[in-house]
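My questions all concern the structure below.
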Amino acid sequence: MTNKKIVITGGNSRFGRELSKSFFGKNIIYTSRKQLDILDTKSIDNCLNKYKPNYLIHLASLSRPMIMHEKDIKLSIDTNIIGTANIVKKCSDKNIKLIYFSTNYVYPGINGNYHEDDPLKPVNNYAWSKLGGEASVKLYKNSLILRLAMTEFPFIHNKAFKDAKNNFIYRKDVIEILPKILDEKGIINIGSNKSESIYSFAKKSKPDVKPISRKDSKNFPKDSSVNIKKLRDILKKKIKK
Ligand SMILES: NC(=O)c1ccc[n+]([C@@H]2O[C@H](COP(=O)([O-])OP(=O)(O)OC[C@H]3O[C@@H](n4cnc5c(N)ncnc54)[C@H](OP(=O)(O)O)[C@@H]3O)[C@@H](O)[C@H]2O)c1
């Protein structure tokens, strides 16, 4: 599948489990928290010394429910900021290429179509914690930050905003893209080609989803869609090659 030796943190994450169905091989190592705890630098060392990867895909994170990041800021800071910084330091020591999963919610969520170099203003504590992780990754040049507008299939909620937009991309489509961009560096937005209301997106996979308004919710971003020209150009070049 690939000759790259890759260690993946958060191997039991929802994304990790789905990725492992098609992206596997003896050189791709999915680690559980028990094998590689991002808050335990010894366990990171042990794992990296054992497998000697040249790539590390960092999925381990505190993500859902997002409200956790408002309720328990210590856990959020530890996992997403300090845990990520621990990973960056070890990758830097061992010159391992680091791929970090961030979120499109680091953008302000107002006008949408955000480019990678647009100003940032995370929409909630989860996004701040992911941006905190990004800050340490960015110090290390042998790295790639993915700002994902990723979601699951089918749509998981019973209600969806009719007046909020995004260009959500399903995990399965991210899984197709990921192996093609492992050698890229810097920041890449990952979303679908189509920016639309969350309600119209949701209806396609969950026909009985109910429309709701942002007015009924506290601070839900109006438009978090991302510009994916950079990603498209990279993929086009790959096809040409
Ligand atoms: N909507 C999305 O899915 C979305 C969108 C954009 C970005 N992302 C990013 O994509 C990545 C994967 O998301 P996901 O939703 O698939 O994640 P997830 O299902 O919430 O799983 C997170 C994983 O991190 C592990 N973890 C937590 N603390 C750890 C620690 N101290 N050491 C090692 N592992 C630890 C957990 O281990 P346990 O199983 O032991 O608890 C769990 O397997 C995350 O970085 C997330 O922020 C996701």
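Looking at (1) farther than 25 Å from VAL123 by Cβ; (2) near the ligand (Cβ under 7 Å from one of its atoms), which one does LYS52 not meet, given that it meets all the others?
LYS52 satisfies all of (1) farther than 25 Å from VAL123 by Cβ; (2) near the ligand (Cβ under 7 Å from one of its atoms) except (2).
Within the stretch 104-123, take every residue that is within 13 Å of the ligand (Cβ to nearest atom) and either at pLDDT below 95 or surrounded by 21 or more Cβ atoms within 10 Å (Cβ to Cβ) (or both) and give me the one that is nearest to the chain's Cα centre (by Cα).
ASN104
Residue check: is PHE101 among the aromatic types (Phe, Trp, Tyr) and surrounded by fewer than 19 Cβ atoms within 10 Å (Cβ to Cβ)?
Answer is no for this residue.
Another question, then. If I go through the stretch 41-78 residue by residue, how many of them are basic (Lys, Arg) and under 22 Å from the mean Cα position of the chain (by Cα)?
3
Just give me the residues in the stretch 132-175 being over 11 Å from the mean Cα position of the chain (by Cα), aliphatic (A, V, I, L, M) and within 12 Å of the ligand (Cβ to nearest atom), in sequence order.
VAL137, ILE156, ILE169, ILE175 - these are the residues of the stretch 132-175 that are over 11 Å from the mean Cα position of the chain (by Cα), aliphatic (A, V, I, L, M) and within 12 Å of the ligand (Cβ to nearest atom).
State all residues of the stretch 61-70 that are within 12 Å of the ligand (Cβ to nearest atom) and either free of Cβ contacts under 8 Å to residues at least 60 places away in the same chain or under 15 Å from ILE38 (Cβ atoms) (or both); if no residue qualifies, say none.
SER61, LEU62, SER63, ARG64, PRO65, MET68
Taking VAL226 and the conditions (1) without any contact (Cβ under 8 Å) to a residue 24 or more places away in the chain; (2) crowded, with 19+ Cβ neighbours inside 10 Å; (3) of a type outside the set (Gly, Ala, Ser), which numbered condition does it fall short on, given that it satisfies the others?
Every condition holds for VAL226 apart from (1).
Right, next: From the list ILE28, ILE73, ILE8, ILE44, pick out the single residue that is of a type in the set (A, V, I, L, M, F, W, C), more than 13 Å from the ligand (Cβ to nearest atom), touching a residue at least 12 places away in the same chain (Cβ under 8 Å) and crowded, with 17+ Cβ neighbours inside 10 Å.
ILE28
The values are calculated or read from the model by the stated rules, or taken from the named source; none is laboratory data. Note that the structure is a prediction, hence the values are computed from the model and not measured. Don't worry about glycine lacking a Cβ; one is built from the backbone with ideal geometry, like all the others, and counts go over all protein chains shown.
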